[in-house]
Each structure stands twice: as structure tokens, then as C-alpha cells.
Amino acid sequence: MSRFLNERYAAMKPYVPGEQPQDKRYVKLNTNESPFPPSPAVLAALNGEEVAKLNLYSDPTAKVLVDAIAARFDRISREGGGKGIKPSQVFVGNGSDEVLAFCFQAFCGKDKGMACPEIGYGFYPVFCEIFGIKFNPVPLREDFSIDIKAFEGIKDNITIANPNAQTGIYIPVSDIKTLLSADKDRLVIIDEAYCDFGGESALGLLDEFDNLIVVQTMSKSRQLAGGRVGFAIASEAIVEDLNKMKFSFNPYNLNRLSILAGAAAISDEEYFEMTTSAVKAERERLKKTLAELGFYVTPSLANFVLAAHPKIGGKELYLALKEKGVLVRFLSDEALKPYVRITVGSKEQNDALTDAIKQIIKEKGI
Ligand SMILES: *Cc1c(COP(=O)(O)O)cnc(C)c1O
């Protein structure tokens, strides 16, 4: 630390992202990326002509991207009998991490902390730290499921990843409705990073509630983790507030290529269906194989599973797998120490993982 750092940040512990090793090739199942390449429509959109325009700033309103996102969710809303989604209800950011950061910064304050399930996305407490917001961890049930009653009477805003980060456990939209109606002065942010792998989106509740923000990302289900495209859908007034934050910080938060990539990705429904269905099918196959190998596996609806073996600790398994060229995630939360979090990969990647686990079980005589 230099002697210049503001003392406010001296004790701050930054978020630790999963390893992105540059040294050797691993079967990489540690950061919940998609095993598929981006949609062919994305590759077609990012041609040399577009690269040649990088001397010019990107559109600070990211209109083509906002319009494409709005069009998709407007269609889904209307098909479900809803009122539709307007472009003025869509906010886009440099990954959903940035979108979430703007939400925390904009809507929490001295008397408004952020309540989150005590096991969840590791960035939430970090955002609270950097913005000086009170972080209010809410206990889960023993099986890691979210107990909606535990949020009763809490005045703070609420952020829940649904399905939840690390566990993949999903809460039904009816529970979110309960949270929204219990206190209309409390914002509920639903982080749907993993929703496309089997959960139901809370977006339908926007017609009825203006204290809801739904956040999604193109990193997990749309093959654009490296493109950094995230978005929020909420009331027009909330989106106006978020744009105020963005235009006071970095109006060009999305670069020209990411705007085009995101618009192409969100418009390719067929590729989205194909890739998310494949991941869901592989997830169920992986759960079954791990259970047969003696693991306890959480009932994940995400593109990862959280698994613990009774005879080998999470860190030990993580290290043994790494030695065999397979990267999974070991999470240091006390309650997660017995577990590893495994991204659902392609069939070949998942087979490589389970083969390596079988070898480890044999070598260690467990
Ligand atoms: C991956 C993830 C994010 C961040 O996604 P980016 O769009 O890549 O910033 C946010 N929330 C949860 C729960 C995630 O798992």
C-alpha cells in the first residue's frame, strides 16, 4: 500500500475473481463461463469495418443494445399477458457487476443498508465496503435454501441472486412477490445471472411493483463474459437514476464492439435455446454422476453445481484436480469449506472432470 491511499480504503478487501490462468491449458470449470463460443451472429457483427471505427467514441446511450434488450423482453412480457417493456426501462452496463455497483451506490445510504443472503455473490459485501454501505447478511436455512421469513421487518434494501450464487438454489417468484409487497419503500434487486438455466425471471412482477430491479448478464448464458455486457430492467424512474450515476462516472461504459455483440447475442433466440438446453442437460447428467461417486450435490438450477464428498475436503479436492489439469472453484466461506463449485462444461469437459475425480478417489483410497 502506498502512503497516498485514502484511509477509508486501507482495510478494504477486494473481490477475488476465479483464476484465469495464462500459463497452461486447463479444463476450465471455475468461473461459470459458457463452454460454447458466442453466437455466429456476434461473430458476424464484429467485422473489420466496426473495428476500424474504434477511433470514434461509442454511443453513450448504447441505443442498439438497449432497443434489442427491450424488444426481447417486451415480446416475452406481452406473450405472458403483461404490459411490455420499454427501452426507457432498460439500463446497460459494463458487465452486471457494474450495473449492481451503480444500484448499490445510487439507492443505499446512511440509513439504508443492503440485506443479502449470508451465502451469495461475493461482490455484494465488497460494493458495500467501497461505498460505505451497511452490509446486512441474512442467515440461510441449514440446507442453504433462502428463508424469505428471515427478511421480515428488515428496512434495508435487498439483493438476492436467483438462483443463488455458489449454491444454485432457486426461490420461486411468489417469494419475491412476498418481499416486494411487504415493504414498498424497500428496493428488491434480483440478480438473475443464472436465471436462464432453469429458474423463472421476476420480470413479470414489474407491472405491479416499482420497487423491483431485475439484473441480468450476458456473461453466463450468452457467451459474452469477455465482452462485459450486463443490464437492469426496472421502472423508468429507476433507470433514469441509474443513467444519472453512469453519466456522472463513465458515459462510454460500453465500448463499440460490446454494444454490437450484446445486441446480436440477445437477438439470437435459437442459439440461446440450443446452448442453454445443452448446459441444463449436462448439469443433470453431472449431478447424477457426482451423486454416484458419493458426493452431496445442492439442487442447483444454475450452470454450476456445488458438491461435497464426505471423505475429501473442498480445498484438497480443488488442489488434486488442479494437478490433473482441471480447474474448479474452492470458496473460502466457512460453511462452504467441504465443497467445490464446478461449472457445467461441455460433455467432454464434464467427462474429463469426473474421470479425474475417479482417479483421485482411487489414488487416495477413499
Ligand atoms: C457472474 C455473476 C455476476 C457478474 O456478471 P458480469 O456480467 O460478468 O459482471 C453477477 N452476479 C452473479 C450472481 C454472478 O454469478
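Just so you know, all these numbers are worked out from the coordinates, no wet-lab data involved. Predicted model, so just to flag it, every value in this text is computed and none were measured. Neighbour counts run over all protein chains shown; Cβ positions are idealised from the backbone, glycine included.
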Residue list for region 72-89, filter: of a type outside the set (D, E, K, R) and either assigned to a loop (DSSP other than H, G, I, E, B) or in contact with a strand residue (DSSP E or B) (Cβ under 8 Å, 6 or more places away or on another chain) (or both): Phe73, Gly80, Gly81, Gly82, Gly84, Ile85, Gln89
Which of the residues spanning region 125-151 are in contact (Cβ under 8 Å) with a residue 12 or more places away in the chain, in a loop (DSSP other than H, G, I, E, B) and surrounded by 14 or more Cβ atoms within 10 Å (Cβ to Cβ)? Ile133, Lys134, Leu140, Phe144, Ser145, Ile146
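Is it fair to say Arg228 is more than 10 Å from the ligand (Cβ to nearest atom) and surrounded by fewer than 24 Cβ atoms within 10 Å (Cβ to Cβ)? So that I can check it myself, show each step before the final result.
Working: more than 10 Å from the ligand (Cβ to nearest atom): no; surrounded by fewer than 24 Cβ atoms within 10 Å (Cβ to Cβ): yes.
Against the criterion (more than 10 Å from the ligand (Cβ to nearest atom) and surrounded by fewer than 24 Cβ atoms within 10 Å (Cβ to Cβ)), Arg228 does not qualify.
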State which residue is nearest to the chain's Cα centre (by Cα) when the search covers only region 84-131 and only residues that are of a type in the set (Asp, Glu) and farther than 20 Å from Ile176 by Cα. Asp97
Residue list for region 298-313, restricted to those being in a strand (DSSP E or B) and either among the basic types (Lys, Arg) or surrounded by fewer than 21 Cβ atoms within 10 Å (Cβ to Cβ) (or both): Ala308, Ile312
Applying the selection to region 208-222, what residues are more than 7 Å from the ligand (Cβ to nearest atom), of a type outside the set (Asp, Glu), over 14 Å from Ala263 (Cβ atoms) and in a loop (DSSP other than H, G, I, E, B)? Phe209, Asn211, Ser221
Go through (1) within 13 Å of the ligand (Cβ to nearest atom); (2) hydroxyl-bearing (Ser, Thr, Tyr); (3) farther than 20 Å from Pro35 by Cα for Ser300 and report which single condition fails. (3)
Condition (residue is over 30 Å from Ala352 (Cβ atoms) and buried (at least 21 other Cβ atoms within 10 Å of the Cβ)) applied to region 36-58: is it met by at least one residue? no
How do the pairs read when you match residues in region 269-295 that are touching a residue at least 12 places away in the same chain (Cβ under 8 Å) with residues anywhere that are in a helix (DSSP H, G or I) and loosely packed, with under 13 Cβ neighbours inside 10 Å, using Cβ under 8 Å and keeping only pairs 6 or more apart or on different chains? Tyr271/Pro40; Leu293/Lys358
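Do you know which residues across region 40-65 are of a type in the set (D, E, K, R), more than 28 Å from Gln89 (Cα to Cα) and touching a residue at least 24 places away in the same chain (Cβ under 8 Å)?
As a first pass, look at region 40-65 and keep what is of a type in the set (D, E, K, R): 49-50, 53, 59, 63.
If we keep only those that are more than 28 Å from Gln89 (Cα to Cα) too, we end up with 49, 53.
Selection gives Lys53 alone.
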Scan region 188-202 and report the pairs whose first residue is within 11 Å of Ile176 (Cβ to Cβ) and in contact (Cβ under 8 Å) with a residue 40 or more places away in the chain and whose second residue is of a type in the set (A, V, I, L, M) and not in a loop (DSSP other than H, G, I, E, B), with Cβ atoms within less than 6 Å and a gap of 6+ or a chain change. Ile189/Ile213; Ala202/Val173; Ala202/Ile176; Ala202/Ile190; Ala202/Val214
